[in-house]
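Enquirer: Take this structure, written in structure tokens, and hold onto it; I'll ask about it next.
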Amino acid sequence: MEFTYKATTKEGRTITGTAEAASRPALLALLRKQGLHPLLVEPKKAKLLGSSLFGPKRKVKLSDLVIFTRQLSTMISAGVPLARSLAALQDDSGNPYMREVLNGVAKEVEGGIPLGDAFAKYPRVFSDVYVNMVRAGEEGGILDEILKRLASQVEQDASIRKKIKSAMMYPIVILTVTIIAFFGIMLFIVPHLAVILTSLGGPNAKLPVYTRVLLSFSNFCSKPTILGHLSIPIISKLPNLILFLIIFGVAAVYVIRYIRTDTGKYRFHALLLRTPIVKTIVLKVAIARFSRTFASLMGAGVSVLDALDVTGAALGNKVIETELQAAAEEVKNGKQLSEPLSQSKHFPPIVAQMLLVGEETGQIDTVLVKIADFYEEEVTVLIDGLAAVIEPIMIIFLGAGVGLIAASVMGPIANLSKNIGNS
């Protein structure tokens, strides 16, 4: 195992470095033998590969993780030693980052570190749920079975994410193209059309209201910045549109940073749960994830309190996670989990009722898997329905925008030309 350390020499000089040792106490003893006085010794943190600003960003796809998990489960079931299994899977992996991660995990395991703890050092690849389920499998002696469950769970999560991304891709592309085209027309086309209208009808020509609004907006976008009075040449020459885009970009960065804080994340998730349509999708995805994760942990022999703690962190919504933490406190006080969930603001009554049946029959994991299957199917149907509705709506809005711009410009040109011909 690799450690980083800070120590002082006999002369009082402070030094830092890295060293490999079987454990922290072993390294402390080694440093003292070398005449050093250790100040700080801690495990070396795994490098967060892929975070380079200039190099290609490396990551592990969910599909790669599923394949690795299934293969590792098969090899362990066949009696292949864990370290040998990891070495073989490292050679077979087609993902360079995954090979590097597996190399680090194999070294940790060969050094006597449990597999779950080795996985925990690579949080970008192995989530808290993944790590805790592996730990539970190691403690219960059913690691191969746990890995099979994990592979199925990761597949389900990947399927839901893929459906959501594919449903959102079309409207995002259309909206982006529409916005770029609109502002391009405002900056480069409408000013020339304004010159034509002025030459045909004069500066006092009577134009429709929507045409005057369009010309005024185009004029505002293309004019030099409203901060032109500042003695900064670059800013004073920027069009208003570019300036506002820069301001919008800076504001977006700060908003994203705020959302990544605990307070910001909670408020953002609360907003999602109040937004029509989005609320339904978020709730169904969270309930499906809760049911499948909690069922897997309970099936692995994890206690209810530990399972709730791990599951809450895997839901992806701080509001529902807080609600589960409150439910865990009531369970700690002797209540069944179905009781606090029956009073939940976000969990539907059917979840508490099905959970109660599972508690009475001792088949909580079986019941929750059925709930997960049901809500995953609900998410699929909802997303497919939204995708079918969003596409024509976006086309209608795009056509309406193009028609409005055409009517605002071409209509007055035709009328002015007609008046000139009659005169």
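Values quoted throughout were computed directly from the atomic coordinates according to the rules given, and no laboratory measurement underlies them. In this text, all values refer to a predicted model and were calculated from it rather than measured experimentally. Ideal geometry is used to build each Cβ from the backbone, glycine not excepted, and the neighbour counts take in all protein chains shown.
Enquirer: Using a Gaussian network model on the chain with a 10 Å cutoff between Cα atoms, which of L39, L398, L241 fluctuates the most?
Expert: Taking springs between Cα atoms under 10 Å, the residue moving most is L39.
Enquirer: Related question: Could you line up L245, L337, L197 from fewest to most neighbouring Cβ atoms inside 10 Å?
Expert: Working: L245 13, L337 23, L197 19.
So the residues, fewest neighbours to most, are L245, L197, L337.
Enquirer: Sorted by packing (mean other beta-carbon atoms within 10 Å per residue), highest first, where do 85-91, 11-17, 281-287 land? All intermediate terms of the calculation are to be shown ahead of the outcome.
Expert: Working: 85-91: 17.6, 11-17: 8.9, 281-287: 21.7.
In descending order of packing, they fall as 281-287, 85-91, 11-17.
Enquirer: Between S63 and E138, what is the FRET efficiency for a Förster distance of 22 Å, r being their Cβ-Cβ separation, to the nearest 0.05?
Expert: FRET efficiency, S63 to E138: 0.30.
Enquirer: Another one. To the nearest 20 debye, what is the magnitude of the charge dipole of the chain about its Cα centre, counting +1 on the Cβ of each Lys and Arg and -1 on the Cβ of each Asp and Glu?
Expert: 2040 debye
Enquirer: What does the convex hull of the Cα atoms come to per residue for the chain, in Å³?
Expert: Values: hull volume 99.6 nm³, N = 423.
Spelled out: Cα convex hull of the chain, divided by residues, is 235 Å³.
Enquirer: Treating only the Cβ of Lys, Arg, Asp and Glu as charged (+1, +1, -1, -1), what charge dipole size does region 62-158 show about its Cα centre? Round to the nearest 20 debye.
Expert: Values: 9 positive and 14 negative charges, 13 e Å.
Rounded to the nearest 20 debye, it is 60 debye.
Enquirer: Please list log₁₀ I(q)/I(0) at q = 0.11, 0.15 Å⁻¹ for region 64-182, using the Debye equation with identical point scatterers on the alpha-carbon positions.
Expert: Listed by q, the Debye log ratios stand at -0.44, -0.68.
Enquirer: Which part of region 149-173 falls in the paramagnetic zone of E391, meaning amide N under 16 Å from the point 7 Å along Cα-to-beta-carbon?
Expert: 163-173
Enquirer: Given a Förster radius of 51 Å and the C-beta distance between S77 and F217 as r, what FRET efficiency does 1/(1 + (r/R0)^6) yield to the nearest 0.05? Mind showing how you got there, number by number?
Expert: Numbers: r = 67 Å, r/R0 = 1.31.
For S77 and F217, the calculated efficiency is 0.15.
Enquirer: Under 17 Å from a point 7 Å along the Cα-to-Cβ line of I196: which residues of region 374-415 have their amide N that close?
Expert: 402-415
Enquirer: What does the extension gain come out to for E145 and V177, with contour length at 0.36 nm per residue minus their alpha carbon separation? Provide the component values of the computation, followed by the final result.
Expert: On the way: separation 32, 0.36 × 32 = 11.52 nm, distance 4.82 nm.
Additional length available on full extension: 6.7 nm.
Enquirer: Please check: in the Gaussian network model of the chain (C-alpha springs, under 10 Å), which one of I371, I113, I247 has the largest mean-square fluctuation.
Expert: For the chain, modelled as a Gaussian network with Cα springs under 10 Å, the answer is I247.
Enquirer: Express in nm, to one decimal, how much length is gained between I350 and K265 on full extension, taking 0.36 nm for each residue of separation and deducting their alpha carbon distance. Don't jump to the answer; show the numbers that get you there.
Expert: Working: separation 85, 0.36 × 85 = 30.60 nm, distance 2.80 nm.
Here the answer is 27.8 nm.
Enquirer: With a 10 Å radius around each residue's Cβ, average the other Cβ atoms per peptide and rank 73-79, 154-160, 92-98, 330-336, highest first.
Expert: Numbers: 73-79: 14.6, 154-160: 18.0, 92-98: 16.1, 330-336: 12.4.
Descending packing order for the listed peptides: 154-160, 92-98, 73-79, 330-336.
Enquirer: May I ask you to compute the full-extension gain from S152 to Y254, defined as 0.36 nm times their residue separation minus their alpha-carbon distance, rounded to one decimal in nm? Present the calculation step by step, with values, prior to reporting the outcome.
Expert: Values: separation 102, 0.36 × 102 = 36.72 nm, distance 3.74 nm.
The S152-Y254 span can extend by a further 33.0 nm.
Enquirer: Grab the DSSP H runs of the chain that are 4 residues or longer, score each as -39,500 (n - 2.57), total them, divide by all residues and round the 222 nm result to the nearest 500 deg cm²/dmol. Could the numbers behind the result be given before it?
Expert: Values: 18 runs with 299 residues, N = 423.
Mean residue ellipticity at 222 nm (helix-derived): -23500 deg cm²/dmol.
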